[in-house]
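Heads up: the structure comes next, in structure tokens.
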Amino acid sequence: MNGVQDQYIRAAGILNADLSTELLGPKKLATVVHLTASSAYTFSGLDGNADYGYDITLMGQHNTTATHHFEIKPNSLTTGFGSTEHYWNDAAANGVVNNTATGFRLKTNSYAVNHTTVSRMTLTARTGMVSRVMLGQCIIHHAGARHSDNTMSTWNDNTTNITSLLFDFNVSPGTAGTFTGVVILRKLAEA
């Protein structure tokens, strides 16, 4: 079973805890959090150097009163992030958008209010690299339209160990961004 398959099987609830532990190892089980109308959530107790990186999956509803995007902020920090490149596609058009971010930005801020999203990201976490990189894919559906958004985001701080990840669903422009759904965090390696 490969990493992608076991994560989706586990997320779907197909494997019971004993079988998951036997197949995947006790430290490789994902942390699954169910959120309801949350503007933010923090995974704490992480060690980016030991964990090496993270696979992250979000599935749910992003509710906003204006166009929003969401970001992942290591240790709740908001500086040192490079331009985020988004390659997007929908039935009407496609293109590239570059945004300056205050975190690892997953999706562009051009989508309409209240949309369903399925997002998958991989984030490098070890110190000493040239930069930390997040690669992501986001599928969004709202008001009868579907969008695909592929993202690359960088953080130029290569000395700070990641000990927490803040998921901020309320990044401006606009106000009152919340997320209802599931967030799954999986460590890529063991200490």
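The values are calculated or read from the model by the stated rules, or taken from the named source; none is laboratory data. The model shown is predicted, which means the values in this text are computed figures rather than measured ones. Glycine gets a Cβ as well: all are built from the backbone with ideal geometry, and neighbour counts include every protein chain shown.
Restricting the stretch 63-113 to residues that are among the aromatic types (Phe, Trp, Tyr) and modelled with pLDDT under 75 leaves a set whose member that is farthest from residue 151 (Cα to Cα) is 111.
Within the set 63, 98, 94, the sole residue that is of a type outside the set (D, E, K, R) and free of Cβ contacts under 8 Å to residues at least 12 places away in the same chain turns out to be 94.
Residue pairs, Cβ under 8 Å, 6 or more apart or interchain, first in the stretch 67-91 and under 12 Å from residue 41 (Cα atoms) and assigned to a strand (DSSP E or B), second basic (Lys, Arg) and modelled with pLDDT under 75. List them. Within 8 Å, the pairs are 70/107. Per this entry, residue 13 is counted among residues that are at pLDDT below 85 and in a loop (DSSP other than H, G, I, E, B).
Restricted to the stretch 154-191, and to residues there that are more than 24 Å from residue 114 (Cα to Cα) and small (Gly, Ala, Ser), the residue that is modelled with the lowest pLDDT is 191.
When restricted to residues that are over 18 Å from residue 106 (Cα atoms) and not polar (S, T, N, Q), the stretch 152-161 contains 1.
From the list 42, 36, the one residue that fits, being closer than 26 Å to residue 189 by Cβ and modelled with pLDDT of 90 or more, is 42.
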